[in-house]
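Asker: Structure in structure tokens, see below.
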Amino acid sequence: MATVAADLETPSFLTSENTLSSWLLTRDHKRIALLFFASITVFFFVGGFAATLIRLHLAMPIGFLQPSIYNRMFTMHGVVMVWFFLIPSIPATLGNFLLPLMIGAHDLAFPRLNLASWYVFNLSGLVLLYALIMGGVDTGWTFYTPFSTLYSNGYVLAAAMAVFINGFSTIMTALNFVVTTHRLRAPGMTWYRLPLFVWAIYSTSIVMLLATPVLAMTVLILAVDHVLGVGLFDPGRGGDPLLYQHLFWFYSHPAVYIMILPAMGVVSELVTCYARKTVFGYTGMTLALMAIAVISFFVWGHHMFTAGISIYSAVVFSLMTFFVAVPSAIKVFNWTVTLHKGSISFDAPMIYALGFVLLFTVGGLTGLIVATLALDVHLQDTYFIIAHFHYIMVGGTVSAFFGGLHYWWPKITGRFYPEMWARFAAILTFTGFNLTFFPQFILGYLGMPRRYYAYPPEWQPWNVLSSAGASILAVAYVLPLGYLGWSLIWGRRAGPNPWHATGLEWQVSSPPPQYNFARTPTVTIGPYAYNTEDGSYTAQDGTVHA
Amino acid sequence: MPAWIPFWPQTAATSGVVVNTLFVAELAVCFLILVLVFGMMLSFCVRYRRGSPASRTHPVQKTWKWEIGWTVGTLVAFLALFVWGAAIYIWLYKSPPGDIEIYVVGKQWMWKMQHPGGQREIDALHVPVGKIVRLVLASQDVIHSFYIPAFRIKHDVVPGTYETAWFKATETGQYPIECSEFCGTQHADMKGEVIVMEAAAYTRWLAQPGSGPSLAQQGEALFRQYGCSGCHGAGSTVHAPSLAGLSGSLVQLQDGSTVRADERYIRDAILLPENQIVAGFPPVMPSFSGQIGEDDLLKIIAYIQSL
């Protein structure tokens, strides 16, 4: 085919320039995506290291770590995983790489801002590493006052500054995505022809733009309180510690949706491609994404049901939390019905996607249990909560991240990953995850509080199961590092469109050329024109493939 | 290590039974939905795997009816659970008047209990079975959370204010008290035990030798010591509101509002008197903020409530 021949003559974004500065000063969204990928991979293993120590320690009722070390480990795990892995994970890597390709653009709207975002992210990472190396932080990732301002002996200020700086990176990337989605769509790419991944990244970016400044303010007040002793959160000076919690969760609850919305976008792409069928209820799916983004701002109080807020405000927050479950439920049902009368293949990305749907469903349903006021009184701050949000963030987001990484790996690198190894890792992830976190639901109802470095001996069996599962999960997460690295050199070459998918990103060569499209494509059709019966499909640029 | 693996916690209070019932009901609903989703996924994955002969013609088209159908279905099921959970929460978090009132002070890393009769305990709480025990919770330093898993009750203990909790134990025995809000290095050691006793045994425990004057009597001494009696005492010439019968009454404030004189109000009136000035009285009282420790404050309040 003539176009393929033409593509082969154009060097890909990976090979077009080879100097170090061509990477460190690049303005190519695809290269910046890979830079982000390198950074968050480092942090994923830093956070994972802390998790490994925690689970090893908890295999025994009285573990081997000193209490002060244990407290630093779970704080480090939380801070690193939330701000330095989960929040940037899908948006800054896959989102950065795919958003311009999917909408037919040559780059993001502000390429320099995109690069600046990566540098700011790394700066914040260095400040955090400074805090960790100097002595760590023992407050938990939530930095609750007045403990963090008056009683903690850790490097709270440095950690808070790391989070503060990190927020600017988030805002820069989100702003870039919003403007790009509004302004750089190819001719014919109307809003209701956007792939669901773009909708997910767009709604995530809106939440990031509105919520992150509140975090910046909160952390700044915390720092001022800490350094100057202003006492806004200090009851001894007439301040209110609950005010801190309100401000913190006003950001941090939407942050949960910052983590899960992109994952929903990834899974929508995967399910429809491997079922060879258009997604069920496309409009409903887009509205659900936007509804989640909006309602996420009105549920923060559900983190404070036992904190001493007014009883009646707690009732309202509980009700709002039940409402936010509705669009989530719509999505789960739509993914499931998309499978109906499809032609389903079980490649590794699809296994991750199906695993996501199940784990997300468990996480969502247990979310309703803890949203039920009287049950939360018992379950708040126990392992039930830990299990619930890990089902969403790890079972959900991390599974989707790995699924998306495998799915777009041939596009990003031009090479296939080894399929059997990848399926093995996907199944291992699902197994190890459930073994790690399901016992924690039981521990939670038994009344084991979170952040306990020691526990009564009768709870040991469940903790041993959980730690055993964590060791399986660790293998499942290290494996891809090995075989994906292997595939960079020895992997089978992938053509432009190995999955026979319809998105514009699959209509350019793999890896894509430096400026994505030789000619700006014209979009004539919605995103998922798969014909289940004869296996043919129509790409978004209107070309029909048998 | 015991030979058995615990699967379900002990239940030893009225609140525990109520919460258990709701939990089991909600688990059942969640399990049904999970089976539905999992079952649909599994059957579709098997039936419509690539290469299977199953017919793919006429896929589901009625999008809107389906969407609205399952949205309304799930919403109705869960709204019922919401109402149920909220009703129990209001019942749990609006403390009724207690048969016994006990003050609990949390500090890094212990629970100090003060009984009205003057008995003091650390990390232990003796209570009678079948009586409503009302707890007034205070913190001396950071936020703690008072948690008795066997009773399914928990309430954060926030410095600078009082919170209340209550329970009615139904079974005698010993049940763990935990701190469930991270409070510093030895957070996991901030544990105690509630000891639920038969009425007779409880009476014997109250009368044990060594217990000094009652909480209110100790408070009376402090009331003089801190100079409160100089203005609020019977023979005072200063124009200050009388404290007799104050506890539980409605107080008219200068700004026209009224407030119920519970522990939290009396506490604020002592520490930050300028914030809530009683109608008809000049704002002459000095603030005692930072001058009275949590333990002494509780005793003074117990004395004022006894007037």
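Asker: Evaluate the distance, in nm, between pseudo-label points positioned 7 Å from the Cα of B:Gln276 and of A:Glu419 along their respective Cα→Cβ axes.
Answerer: Those two pseudo-labels are separated by 7.2 nm.
Asker: Using unit Cβ charges (K, R positive; D, E negative) and no other charged atoms, how large, in debye to the nearest 20, is the dipole of chain A about its Cα centre?
Answerer: With Lys and Arg at +1 and Asp and Glu at -1, about 480 debye.
Asker: Something else now. If we count other beta carbons within 10 Å of each Cβ, what is the order of B:Ile153, A:Ile292, fewest first?
Answerer: On the way: B:Ile153 22, A:Ile292 25.
Fewest-to-most ranking of B:Ile153, A:Ile292: B:Ile153, A:Ile292.
Asker: When the Karplus curve 6.51 cos²θ - 1.76 cosθ + 1.60 is applied with θ = phi - 60°, which whole-Hz ³J(HN,Hα) does each residue of the range A:33-43 get, with x for Gly and Pro?
Answerer: My calculation for the range A:33-43 gives 4, 5, 4, 4, 4, 4, 4, 6, 5, 4, 5 Hz in order.
Asker: For the range A:116-213, list log₁₀ I(q)/I(0) at each q in 0.16, 0.17, 0.23, 0.25 Å⁻¹, using the Debye formula over Cα point scatterers of equal strength and ignoring solvent, two decimals each.
Answerer: -0.75, -0.80, -1.09, -1.18
Asker: Between A:Ile344 and residues 5 or more places away or on another chain, which pairs have amide H atoms under 5 Å apart, with H built 1.01 Å from N, and which residues are they?
Answerer: B:Arg49, B:Arg50
Asker: If I take every Cα pair under 8 Å that is 6 or more residues apart in the range B:215-306, average their sequence separation and divide by the length, what percent do I get for the relative contact order? Present the calculation step by step, with values, prior to reporting the outcome.
Answerer: Details: 115 pairs, mean separation 35.5, N = 92.
Once normalised by length, the contact order is 39 percent.
Asker: Rounded to the nearest 20 debye, what is the charge dipole size of chain B about its Cα centre when +1 sits on each Lys and Arg Cβ and -1 on each Asp and Glu Cβ?
Answerer: 1480
Asker: A follow-up question, please. Over the range B:215-306, what per residue volume does the convex hull of the Cα atoms give, in whole Å³?
Answerer: Cα-based convex hull of the range B:215-306, divided per residue, equals 89 Å³.
Asker: Quantify how strongly other chains surround peptide A:16-22 by giving the mean number of their Cβ atoms within 10 Å of each of its Cβ atoms.
Answerer: 0
Asker: Within straight cross-link reach of B:Lys191, meaning Cα distance under 14 Å, which aspartates and glutamates are found once same-chain residues fewer than 8 apart are removed?
Answerer: Here the aspartates and glutamates satisfying the reach criterion relative to B:Lys191 are B:Glu121, B:Asp123, B:Glu178, B:Glu181.
Asker: Go through the range A:412-428 residue by residue and turn each phi into a ³J(HN,Hα) via Karplus (6.51, -1.76, 1.60, θ = phi - 60°); whole Hz please, and just put x for glycine and proline.
Answerer: 6, 9, x, 10, 7, 7, x, 4, 5, 4, 5, 4, 4, 4, 5, 5, 4
Asker: Please compare each pair in B:Lys131/B:Lys299; A:Lys341/B:Lys65; B:Lys168/B:Lys299; A:Lys331/B:Lys154 to a cut-off of 26 Å on the Cα-Cα distance and tell me which ones are over it.
Answerer: A:Lys331/B:Lys154
Asker: Same structure, new question: Round to the nearest 10 and give me the degree value, 0 to 90, for the angle of helix A:67-81's Cα axis relative to the longest principal axis of chain A.
Answerer: Orientation of helix A:67-81: about 30 degrees from the principal axis.
Asker: Could you name the lysines whose alpha carbon sits less than 21 Å from that of A:Lys30, not counting residues in the same chain fewer than 8 places away?
Answerer: A:Lys411
Asker: Using only Cα atoms, tell me the angle between helix A:282-295 and the longest principal axis of chain A; keep it within 0 to 90° and round to the nearest 10.
Answerer: For A:282-295 against chain A, the angle is about 30 degrees.
Asker: While we're on this one: Using a/c under 1.5 as the rounded threshold, could you call the range A:281-352 rounded, prolate or oblate? The axes a ≥ b ≥ c are square roots of the C-alpha gyration tensor eigenvalues, and prolate needs a/b larger than b/c, oblate otherwise.
Answerer: It is prolate, given that a/c is not under 1.5 and a/b is the larger ratio.
Asker: Let me ask something else. Determine the shape class of the range B:1-66: with a ≥ b ≥ c the square roots of the Cα gyration tensor eigenvalues, call it rounded for a/c under 1.5, and otherwise prolate if a/b is greater than b/c, oblate otherwise. Kindly include the intermediate steps, with their values, before the conclusion.
Answerer: Values: a/c = 9.12, a/b = 2.25, b/c = 4.05.
It is oblate, given that a/c is not under 1.5 and a/b is not larger than b/c.
Asker: Find how many whole Å separate the alpha carbon centroid of the range A:46-91 from the alpha carbon centroid of the range A:130-185.
Answerer: For the range A:130-185 versus the range A:46-91, the Cα centre distance is 17 Å.
Asker: Considering all alpha-carbon pairs of the protein assembly as shown, what whole percent are spaced by more than 53 angstrom?
Answerer: Counting pairs separated by more than 53 Å, the tail of P(r) holds 20 percent.
Asker: Other chains near B:148-157: what is the mean number of their Cβ atoms within 10 Å of each residue's Cβ?
Answerer: On the way: counts 2, 8, 1, 1, 7, 3, 11, 5, 11, 1.
Taking the mean over all residues of the peptide, I get 5.
Asker: A:Val544 versus B:Val238, label points 7 Å from Cα toward the beta carbon: distance in nm?
Answerer: The two pseudo-label positions are separated by 9.5 nm.
Asker: Using Cβ contacts closer than 10 Å as the measure, can you line up A:Met60, A:Met320 from fewest to most?
Answerer: Going from least to most buried by this count: A:Met60, A:Met320.
Asker: Using unit Cβ charges (K, R positive; D, E negative) and no other charged atoms, how large, in debye to the nearest 20, is the dipole of the range B:215-306 about its Cα centre?
Answerer: Dipole size: approximately 180 debye.
Asker: Using Cα-only point scatterers and the Debye equation, what is log10 of I(q)/I(0) for the range A:391-546 at each q in 0.12, 0.16, 0.20 Å⁻¹, rounded to two decimals?
Answerer: -0.70, -0.95, -1.21
Asker: What does the helix-only formula give at 222 nm for chain A: each DSSP H stretch with n ≥ 4 adding -39500 (n - 2.57), the total divided by the residues, and the result rounded to the nearest 500 deg cm²/dmol?
Answerer: -21500 deg cm²/dmol
Asker: Also: Along the range A:516-530, what does the Karplus equation 6.51 cos²θ - 1.76 cosθ + 1.60 (θ = phi - 60°) give for ³J(HN,Hα), rounded to whole Hz, x for Gly and Pro?
Answerer: Once θ is set to phi - 60°, the couplings for the range A:516-530 become 6, 10, 5, 10, 4, x, 10, 9, 10, 7, x, x, 10, 7, 9 Hz.
Asker: Specify whether the C-alpha gyration tensor of the range B:62-163 places it in the rounded, prolate or oblate class, a ≥ b ≥ c being the square roots of the eigenvalues: rounded for a/c under 1.5, otherwise prolate if a/b is larger than b/c and oblate if not.
Answerer: Since a/c reaches 1.5 and a/b is larger than b/c, the shape of the range B:62-163 is classed as prolate.
Asker: Report, as an integer, the average count of C-beta atoms from other chains found within 10 Å of each Cβ along B:171-184. Let's see the in-between values first.
Answerer: Working: counts 0, 0, 0, 0, 1, 2, 0, 6, 4, 11, 10, 14, 4, 9.
Mean number of neighbouring Cβ atoms from other chains: 4.
Asker: Follow-up. Tell me the relative contact order for the range B:147-202 as a rounded percent, counting alpha carbon contacts under 8 Å between residues six or more apart.
Answerer: Relative contact order for the range B:147-202 comes out at 34 percent.
Asker: State, as an integer percentage, the relative contact order of the range A:2-545 based on alpha-carbon contacts under 8 Å between residues 6 or more apart.
Answerer: This gives 18 percent for the range A:2-545.
Here, each number is a calculation from the coordinates, and none is a lab measurement. This structure is a prediction, so every number in the text was calculated from the model and none was measured. Counting neighbours? That spans all protein chains shown, and the Cβs are built from the backbone with ideal geometry, glycine included.
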